[in-house]
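Since every read-out is calculated from the coordinates, none of them should be taken as a lab result. Please read all numbers here as calculations on a predicted model, not as lab measurements. Neighbour counts are summed over all protein chains in view; Cβ atoms, including those assigned to glycine, are modelled from backbone coordinates with ideal geometry.
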Amino acid sequence: MTEVTVAELLVQCLQAEGVEMMFGIIDGSHIPFTTQAFRYGIRHINCHHEEGAVHIAEGYARISRKPSVVIGSPGPGGANMLAGLSSAYAEGHPVIALATTRRSVTTYPERPGAWQATNLVEMARPITKFSALVRQPERVPELVRAAFRAALTGRPGPAFLAIPDEMLGVKVDVAKVRVFAPERYRVTHMGVGDPSRIELAADLLAKAKRPFLHAGKGVLWADAAAEFVELGDYLAAGMSTSLGARGVVPEDHPHYFFLFDMQATALARNEADVVLVVGSRLGEYDGWGMPPAWGDPDQQKTIQIDVDPYSIGLNRPVDVGILADAKAALQALITAVKARTQPRKEMADLARYRELTNQTMMQGMQFLMGEPEQGLNPGQMVLSARQFFPRDAITVLDGGNTTLWGVAYNQIYHPQSFLYSVKMGYLGTGLPFAIGAKLAAPERTVYCITGDGAAGFNLMEMETALRENIPIIVIVAVDEGWGMERSAYTFQGYPPEEHRGIDISGQVRYDLMAQAMGCYGEKVDASEQLIPALERAVASGKPALLHVTVDQLLNANPPGYQQFRYVRTL
């Protein structure tokens, strides 16, 4: 009889799933597990907070398109993970959370007075796709498979497993457990979908006079951006993306309709006779896929491709629903469309749409022209950063108004190049997202633009970045307050003297905090100082943070604020 510990068995299960690294803070009970993980070549990133660890895992999963693992201790450590899991659940990030519990004799059922007895499994259930307690050693492989199956089937999302700490050292007969490769127990590729539906969709697109294509994050998960743009180019179709799918279409593409270009985008969508939606549920910031942001579904044909059957027709009725892998379906659709029609050279009425786009751009220029009384114009800060960093750099946004400035003036040109908490607007995700992104793509530049409020949530993870040699650039726009709430007061007609609960001390020096952790830090108070500071930050080779003073009044009136409030009324 050959035996292994449950800890080693668990690591073998993770290795079979292709897990390369895990994140989190170890508990003494984890030591049998973490030592085995090291032996099997799984890298552990030691973090400062379990929520931050989940966000790092999210950033890693999103850019690598691989599931990631987070570990947490019993009671408070596991509970801290739950906040991050609520983000992963909303954003659709496949994070596997593993938490230990204190010894079973005191926790299941809970014995009054037991230390760190917390029912994490039930707490996690509403914010994960799967949550379970491992009660028998022999069921470890089965439950790990269940967690990964849930996390990676349909729309991705997190899963949670709890293991009593005394179980990790228990030995189990290998003859009683089986570890399978993913392709042996779950569907790892959805395929092209129903061929008859592909043919019907191709007929509609080939005959369309005004086709329009819209991409969601599912296009990115499927690595299907090239196919999406190829189809759009062949049909000379208008193209747009959800906020989370920025980069599927280069944002300087002549047929791309930008999120903030609401008039032109809505007109092009309304006048389309066929719309193709790929990998998107058409949520709130997509106008729910309905008028006035889109045409009447009774007057135009809708094709929707998705890996999740629950997402097809969810918010907008469809004429052709295709349950398939986005890449495979788009490849088949391209072939079928090419067999039916010649490539088109011009998009119908593009010049008319671009007249509206130009009007929007002129309005946007007015925000850039505002003269700051102190510090920088935040729009000029964002635009300068975009011009400084490489075209394929990964941009991470965080904060309220800071994100609006970032969306407006930081164009995205490549797939897998944009991270933001789209579904939650989760403050504090920026820095850990950036760390995870850099771990997933170490050869690429990663920069994060965040506000001073948002930066405060997980700032200690800068030390994590230094210790793990993760050279990211963080730009903190400092307006000494919660900027979007300052805007909300003004929007609702309250004078400045009645603005309560929004101030942050102007004595906080985020650059000095970064320096104290061993990172590069510098303060920027004028626009001419920004580019030289960015050059020095990059040259340092360290994780770097720039404390950039931005004008309070200008920052309280960002582009897109009116649209931000408007779409939430639809």
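Here are some notes:
- The mean of 1/r over all pairs of different alpha-carbon atoms in region 370-567, once inverted, gives a Kirkwood hydrodynamic radius of 16.6 Å.
- Rg/Rh (Cα only; Kirkwood hydrodynamic radius) as it applies to region 242-303: 0.93
- Look at the Cα gyration tensor of region 5-105: its axes a ≥ b ≥ c give a/c of at least 1.5 with a/b at or below b/c, and that counts as oblate.
- Cα-based Kirkwood hydrodynamic radius, region 438-502, one decimal, Å: 14.1
- Tail fraction, Cα-Cα pairs, region 3-184, threshold 30 Å, whole percent: 9
- Footprinting exposure proxy ranking of 30, 189, fewest other C-beta atoms within 10 angstrom first, gives 189, 30.
- Alpha-carbon spread of region 195-352, three principal axes, descending order, Å: 36, 35, 30
- Electrostatic bookkeeping for residue 31 treats Lys and Arg as +1 and Asp and Glu as -1; over the other residues with beta carbon under 14 Å from its beta carbon, the sum is -3.
- When the alpha carbon coordinates of the chain are projected onto the principal axes, the ranges are 75, 64, 43 Å, largest first.
- Order of 346, 463 under a 10 Å beta carbon neighbour criterion, fewest first: 346, 463
- Distance between region 327-357 and region 3-53 - C-alpha centres, whole angstrom: 47
- A straight Cα-to-Cα reach below 19 Å connects residue 438 with the lysines 66, 542, residues fewer than 8 places away in its own chain not being considered.
- Seen from every direction in turn and averaged, the convex hull around the alpha carbons of region 286-408 projects onto 11.8 nm².
- For the chain, calculated [θ]222 nm from helices alone, where every DSSP H run of n ≥ 4 adds -39500 (n - 2.57): -11500 deg cm²/dmol
- For region 396-496, convex hull of alpha carbons as volume per residue, Å³: 101
- Relative to its residue count, region 283-341 spans a Cα convex hull of 98 Å³ per residue.
- Packing-based exposure ordering (other Cβ within 10 Å, fewest first) of 409, 494: 494, 409
- Total formal charge among the other residues, if their Cβ is under 14 angstrom from that of residue 498, Lys/Arg +1 and Asp/Glu -1: -1
- Percent of Cα pairs in region 338-445 per distance bin of 5 Å, from zero to the largest separation: 2, 10, 15, 17, 16, 14, 10, 8, 5, 2, 0, 0, 0.
- Annotation: peptides 390-399, 13-22, ranked by per-residue average of other Cβ atoms within 10 Å with the highest first, follow the order 390-399, 13-22.
- Each peptide in 51-62, 210-221, 534-545 receives the mean, over its residues, of other Cβ atoms within 10 Å, and ordering these scores from highest gives 51-62, 210-221, 534-545.
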